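The values are calculated or read from the model by the stated rules, or taken from the named source; none is laboratory data. Given the structure is predicted, the values throughout are model-derived calculations rather than measurements. Glycine also receives a Cβ, built like all others from the backbone with ideal geometry; neighbour counts cover every protein chain displayed. With ligands, DNA and RNA removed, areas are computed over all heavy atoms of the protein, side chains included. Shrake-Rupley method; radii C 1.70, N 1.55, O 1.52, S 1.80 Å.
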Amino acid sequence: MNVLPEFVLSRPTGRTEAAAQLADGARAIAGGTDLLPNLRRGLEQPLRLVDLTRIDGLDRIELRDGELSIGANATLAQLACHPAVMRHLSALAVAAGDVAGPGHRSAATLGGNLCQDTRCVFYNQSAWWRASNHGCLKRGGDICHVAPQGQRCHAAFSGDLAPVLLAARAEVEIASPSGMRRMPLDALYRDDGAAHLTLSAGEFVAAVHVTAAGCERRSAYRKARVRQAMDFPLAGVAVVLALREGVIAEIGVGCSGTNSRPIALQGLEPFVGAPVDAERLAALAKLVQQQTSPMRSTVTAANYRRQLAAVLARRLVRELAADAVAGSGA
């Protein structure tokens, strides 16, 4: 990697001030575990970085009025062991604890993980390597080497926290020069590896809000990766499940690592009111395979990652259902 390029660093103490500075084309930074390596590889060269870590309250995690609210500056290390997170959305604690190593988790933040850049074996390389390959559609070139006949970038989103929060139907709070707004987390993303976030100039993620779980709701996250430590998911799957009187009362499934955006699995309405049996598990696996669209953006085959996602989803639903039955004493 190269040395960092020159830039101006500003440290606002308020959301309005930060949004105004970001509106000028600057980049937001908190932990920097995703952005700084990109700067050193020459993938990005912003003239200004806006440090969000001095904004009061942006690291707060609290349970209020039946809602779990998590500030964007909460670190992954905090999420991995916070009592409210572990109680109301344990999969989020698991996912946070699965990211990289302890040093990374002590700096990396919720907001940064949700907004991290998409990845591809043709993109996440040194400047000289990319130059020898004439760049790519995402940076410095005019074709996607993953799909040369197409007109879009297929770099994959590989964050671990988004699928959990999508499965739990979380909302994200956005700060902008005109004030604050809330929207479903799903609306933060678009299926474009070169521009996967829908944030406009001056906007940044300030917090995430999730309805606090009842005792019936269980959650789990699991990812497959090349290495069992410090690696991005080839496929990551989160499931939120609640059973009532032996049938599904609530189900949500989120996937990461396969598409240019994290996805919330669609078409789960027929599962509500049905038992968790072989027929439903097979139908779930089919839905996952239909809605995940991995390309050869990693070192493993695309169809292998699609099959991984389907297997993980099926296993997690089965395990959560068995745990719910055991917990009810049935």
Sorted largest first, the C-alpha extents of segment 161-291 along its principal axes in whole angstrom are 49, 35, 27
Simple spin-label estimate for ASP65/GLN151, 7 Å along Cα→Cβ, in nm, reads 4.6
For SER293 the rounded accessible area (nearest 10 Å², probe 1.4 Å, non-protein molecules ignored) is 50
On the accessible surface of the chain, probed at 1.4 Å with all protein chains in place, carbon and sulfur together account for a percent value of 52
Taking every DSSP bridge whose two residues both lie in the chain, the antiparallel percent to the nearest 5 is 85
Correct response: the longest run of the chain lacking exposed GluC sites (Glu not before Pro), defined by DSSP loop and at most 11 other Cβ within 10 Å, is 7-244
Quick numbers on segment 40-175, Rg and Dmax over C-alpha atoms in Å, give 17.8, 56
Per DSSP, the loop-located trypsin sites (Lys or Arg not before Pro) within segment 207-280 having at most 11 other beta carbons within 10 Å are ARG227
Heavy-atom accessible area with a 1.4 angstrom probe orders CYS215, CYS115, most exposed first, as CYS215, CYS115
Heavy-atom accessible area per residue of the chain, all protein chains kept, 1.4 Å probe, expressed in Å², is 45
log10 I(q)/I(0) for the chain, Debye formula on C-alpha points only (no solvent), q = 0.06, 0.08, 0.13, 0.16 Å⁻¹, two decimals, reads -0.21, -0.37, -0.97, -1.41
Taking Rh as the Kirkwood radius computed over alpha-carbon pairs of segment 1-111 and applying Stokes-Einstein at 4 °C with viscosity 1.567 mPa s, one gets a diffusion coefficient in µm² s⁻¹ of 86
